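Where a number appears in this text, it was derived from the coordinates with a stated rule and is not lab data. The structure displayed is predicted, hence computed values, not measured ones. A quick note on method: Cβ atoms are made from the backbone with ideal geometry, for glycine too, and the neighbour counts reach across all protein chains shown.
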Amino acid sequence: MAGAADRVAAAIRAVPRQDFLPAAQRGYARRDAPLPIGHDQTNSQPTTVRQMLELLDARPGHHVLDVGSGSAWTTALLAHLVGSQGRVVGVERVPELVAFGADNLRAAGMPWATVALARPGTLGSPEGAPYDRVLVSAQATELPGELVAQLGDGGILVVPVAGRMLRVTRPAGGAEPVVEEHGWYRFVPLVVD
């Protein structure tokens with residue numbers, strides 16, 4: 001995935017983390033650690049974000065879902081990766097973070113990316129499906145079938161499940177999804193209100 005690594009590195013250079021942090025945290029933006037953004041949520045560790053985005057392999061023109069968008073840094077990184085011909089939908093369950101993330105995206109000048117409040121009891125955003133890629137920045141206890149169902153043929157889901165990072169590919173023709181494990185990670189829990 002050398003191509004993906006180069007594209008992700010360019011996105012991280014183009015979309016500064018500090019622009020997506022609360023003012024009190026901006027001085028720590030270069031730390032390779034999760035940083036608090038309020039409401040018991042964090043802006044993920046840059047190394048983890050990089051690894052997840054490389055596994056996701058989002059490309060120009062893709063339609064992408066970002067679950068647990070938080071401050072919208074990952075949403076903006078995805079928007080950079082898919083370009084203005086693509087579309088990124090971020091969903092977040094904390095209203096204050098939806099507003100914060102939307103403000104951050106506006107400031108970044110990426111109108112092809114949006115952040116919306118997650119619908120209670122709904123995981124993801126099924127009304128916008130199918131997606132080429134789905135990124136989840138919160139840990140599930142088991143593989144969320146609802147998100148696999150929102151993938152289009154050949155779509156890829158990257159999600160931490162019970163401490164393991166999973167890359168799930170949905171083959172064309174209704175075949176069973178292909179699940180690969182890619183190391184151990186810690187995240188805030190994935191919650192569906």
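Each of Val115, Trp73, Gly174 was placed along the dipole of the chain (beta-carbon charges, centred on the mean Cα), and the one lying farthest toward the positive end is Trp73. When both segment 1-48 and segment 124-191 are represented by their alpha-carbon centers, they are found 21 Å apart. The alpha-carbon positions of segment 2-184 define a convex hull whose volume is 113 Å³ per residue.
Per-residue Karplus couplings for segment 129-142, computed as 6.51 cos²θ - 1.76 cosθ + 1.60 with θ equal to phi - 60°, are listed in order as 5, x, 10, 6, 9, 9, 10, 10, 9, 8, 8, 8, 7, 8 Hz, Gly and Pro entered as x.
Of the trypsin sites (Lys or Arg not before Pro) found in segment 139-193, the ones in coil according to DSSP and having at most 10 other Cβ atoms within 10 Å of their Cβ are Arg186.
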